[in-house]
Amino acid sequence: MRLTPVSTLSLLSLAVGLSFASTAQAAKPPAPDLSNAEFQQCLDGLKNSSKFRGVDSSTFNNYRPSQPDPSVIQSLNYQPEFQKDVWDYLSSLVDKERVEDGIRAKRQWADTLRQIESRYGVKAEHVLGVWGVESNFGQTLGKKPLFESLATLSCFDRRQSYFQGEYANALKIVQNGDIAPSDMTGSWAGAFGQTQFMPSTFLELAVDFDGDGRRDLVNSVPDALASTANFLDKRGYRTGEPWGYEVKLPSGFWAASDRKNKKSISHWRNQGITLANGSPLPNDLSSAGLLLPAGKDGPAFLVGKNFDTFYSYNASENYALAIAHLSDLITKEDSSKTDFVTAWPTDDPGISRQQAKDIQQALLNAGYDIGGVDGIIGDNTRIAIQQYQSSHGILPADGRAGQKFYRAIIGDAGNTAPKSTQYGNQYGQPSNSQPLNPASADRMGQLIQQQTSTPNTYSTQPSAQSPTSGNTRYRRVIGSDGVVKLVRVDEGS
Ligand code: CA
């Protein structure tokens, strides 16, 4: 869950699949200089304001930040130069890894999920879909200290009034004893825990499901899953209904994407719409709207009320579609194919998080300073990609990590030049790489296999002497942190 009104604009532009290229150099602006005197004066005022009624003075003082955190104001005003295409967004959120994690979670928490389903009427896989997209099944909770973030946002820049309410609510949560103060960390905007609730949503909808008397959405999976189900239920979830389905439009059909314009299933059937596999639309949705995330030539969906409850979690149709799609794949317990039946209207589809990690490792190997390998294509990685594209004559040099760039850099990695050459050649000699065949899930592994018999062996140290022996072999090792490394295997070992 993120901020609704502010983030809606940027998310809406995601929804229409806008792509702004060629501005990869424009990274985040510097953090503003915030006056601590002004901050402390503001906090003095807040402490006695009506919004903080119900927050004890000792609670306020105990968690009062000694200084503001300018990075959250930077995040508040940051409009990413890159708007992801819908296929990039979906392929990183719904990949093989996340489906497998979801299937595991479903087995591990089967009893709890069954109890939640009978209490709230929300299908287990729908709860799992939200959990997987929100916090990667509890693995990614956000690390920013909440009181510092919310106090800073309460005192500077726009939307202070909104954040003052959230700041007061966050203090009430620790005052009530629900969450340990040390666990109050989250996103820059104050969403926290396995459900990524804002404090106001927590106070309204969090539930204690494991019966220990605390609503602990950070450490208790039963509390987190039940709170998610309670959220969906309170937003109008219809028990027993699917979220919707992928459909096939008849040729020549034209209509705008309009999820909210709900019609009966017989209406859509009369329009000639079928399920994506061609079979007739079932009768299990009371009404549905048409969702075309990439226009009429891409995947098409009919979505019902339950899709709208996913949407209400984060006010983005692409976000809701990620939850919907992930929940379907977890239901089928099949991670082998994460695409929709109809392909996205692009010749350069998106990459998985594993492929993003492979790209980042290849950039590091090529001498680009992108920090670490985390599978998230952020500003640093985009800038490095753009530089790599420029210096290798890969057009367009737009900084985007799609399947084409994945093939280019993984195919090129065996011929990686030292760093000085990379940066010294901005005008782009044509690449001497031979792009390989279409990517598969484990393209790098195949590449290494192919290269074990050639002199141009993939090297972990690009500026080091390249091994010239045709017998040098490498194997791909994935560390516990998910980092892909190529380890030399000496002959005979
Ligand atoms: Ca509890």
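The values are calculated or read from the model by the stated rules, or taken from the named source; none is laboratory data. On a predicted model such as this, the values are computed, not experimentally measured, just so you know. As a convention, Cβ positions derive from the backbone with ideal geometry for all residues, glycine included, and neighbour counts pool all protein chains shown. Keep in mind that these areas ignore ligands, DNA and RNA; they rest on the heavy atoms of the full protein, side chains included. Shrake-Rupley method; radii C 1.70, N 1.55, O 1.52, S 1.80 Å.
Counting only residues that are more than 14 Å from the ligand (Cβ to nearest atom) and in a loop (DSSP other than H, G, I, E, B), how many does segment 195-206 have?
2
Looking at segment 148-162, is at least one residue closer than 30 Å to THR346 by Cα and not in a helix (DSSP H, G or I)?
no
Could you look through segment 376-386, keep only residues that are surrounded by fewer than 21 Cβ atoms within 10 Å (Cβ to Cβ) and of a type outside the set (Val, Ile, Thr), and pick out the one that is farthest from LEU292 (Cα to Cα)? Talk me through it step by step, then tell me what you get.
Going through segment 376-386, the residues surrounded by fewer than 21 Cβ atoms within 10 Å (Cβ to Cβ) turn out to be 376, 378-380, 383.
From the residues that got through so far, the ones that are of a type outside the set (Val, Ile, Thr) too are 378-380.
On the way: GLY378: 27, ASP379: 29, ASN380: 32 Å.
The selected residue is ASN380.
For a quick check of your reading of the model, give me the residue pairs whose first member lies in segment 198-219 and is assigned by TED's automatic domain parsing to the domain that holds GLY186 and at pLDDT 95 or above, whose second is β-branched (Val, Ile, Thr) and within 11 Å of the ligand (Cβ to nearest atom), with beta-carbon atoms closer than 8 Å and at least 6 apart or on different chains.
Listed by first residue and then by second, the contacts come to ARG214/ILE179; ARG215/ILE179; ARG215/VAL207; ASP216/ILE179; LEU217/ILE179; VAL218/ILE179.
Identify, from the list PHE209, PHE192, the residue that is within 21 Å of the chain's Cα centre (by Cα) and either within 16 Å of the ligand (Cβ to nearest atom) or open to solvent by less than 10 Å² (accessible area, probe 1.4 Å) (or both).
Of the residues listed, the single one that is within 21 Å of the chain's Cα centre (by Cα) and either within 16 Å of the ligand (Cβ to nearest atom) or open to solvent by less than 10 Å² (accessible area, probe 1.4 Å) (or both) is PHE192.
I need the full set of residues from segment 74-110 which are assigned to a loop (DSSP other than H, G, I, E, B), open to solvent by less than 20 Å² (accessible area, probe 1.4 Å) and modelled with pLDDT of 95 or more, in order please.
VAL94, ASP95
Quick grid of which residues meet (1) touching a residue at least 60 places away in the same chain (Cβ under 8 Å); (2) within 17 Å of the chain's Cα centre (by Cα):
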| position | (1), (2) |
| --- | --- |
| LYS51 | yes, no |
| PHE60 | yes, no |
| PRO65 | yes, no |
| LEU76 | yes, no |
| GLN83 | yes, yes |
| VAL86 | yes, yes |
| LEU90 | yes, yes |
| ILE103 | yes, no |
| ARG107 | no, no |
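Does at least one position in segment 374-386 carry a residue that is within 30 Å of ARG107 (Cβ to Cβ) and at pLDDT 95 or above?
Going through segment 374-386, the residues within 30 Å of ARG107 (Cβ to Cβ) turn out to be 374-376.
Subset that is at pLDDT 95 or above: none.
Scanning segment 374-386, I find no residue that is within 30 Å of ARG107 (Cβ to Cβ) and at pLDDT 95 or above, so the answer is no.
Just need a number here: residues in segment 221-252 that are touching a Lys or Arg at 6+ places or on another chain (Cβ under 8 Å) and within 16 Å of the ligand (Cβ to nearest atom).
Total satisfying the criteria: 4.
Among the residues of segment 164-189, write down those that are within 18 Å of the chain's Cα centre (by Cα) and open to solvent by 20 Å² or more (accessible area, probe 1.4 Å).
SER187, TRP188
Could you say whether any residue in segment 270-288 is more than 16 Å from the ligand (Cβ to nearest atom) and either in the same structural domain as ALA105 (by TED's automatic domain parsing) or within 17 Å of GLY129 (Cβ to Cβ) (or both)? Even if it seems obvious, please write down each step before you answer.
First, pick out the residues of segment 270-288 that are more than 16 Å from the ligand (Cβ to nearest atom): 270-288.
Next cut, either in the same structural domain as ALA105 (by TED's automatic domain parsing) or within 17 Å of GLY129 (Cβ to Cβ) (or both) only: none.
There is no residue in segment 270-288 that is more than 16 Å from the ligand (Cβ to nearest atom) and either in the same structural domain as ALA105 (by TED's automatic domain parsing) or within 17 Å of GLY129 (Cβ to Cβ) (or both).
Of the residues ILE173, ILE179, ILE116, which is outside any helix (DSSP H, G or I), at pLDDT 95 or above and assigned by TED's automatic domain parsing to the domain that holds SER71?
Checking each option against the conditions leaves just ILE179.
Taking only segment 363-376 into account, find how many residues are in contact (Cβ under 8 Å) with a residue 60 or more places away in the chain and either in the same structural domain as ASN136 (by TED's automatic domain parsing) or over 18 Å from ASN136 (Cβ atoms) (or both).
Residues that pass the stated criteria total 3.
Take the conditions more than 16 Å from the ligand (Cβ to nearest atom), assigned by TED's automatic domain parsing to the domain that holds GLU117, surrounded by 13 or more Cβ atoms within 10 Å (Cβ to Cβ) and not in a loop (DSSP other than H, G, I, E, B) and apply them to THR309. Does it pass?
no
Within segment 259-289, can you find the residues that are under 10 Å from LEU249 (Cα atoms), under 29 Å from the mean Cα position of the chain (by Cα) and not in a loop (DSSP other than H, G, I, E, B)?
Within segment 259-289, LEU275 is the sole residue that qualifies.
Of all residues in segment 312-334, which are at pLDDT 95 or above, open to solvent by 10 Å² or more (accessible area, probe 1.4 Å) and of a type in the set (S, T, N, Q)?
THR331 - this is the single residue of segment 312-334 that is at pLDDT 95 or above, open to solvent by 10 Å² or more (accessible area, probe 1.4 Å) and of a type in the set (S, T, N, Q).
Quick check on segment 341-351. Is at least one of its residues crowded, with 18+ Cβ neighbours inside 10 Å and either assigned by TED's automatic domain parsing to the domain that holds ASP95 or more than 22 Å from ALA276 (Cα to Cα) (or both)?
yes
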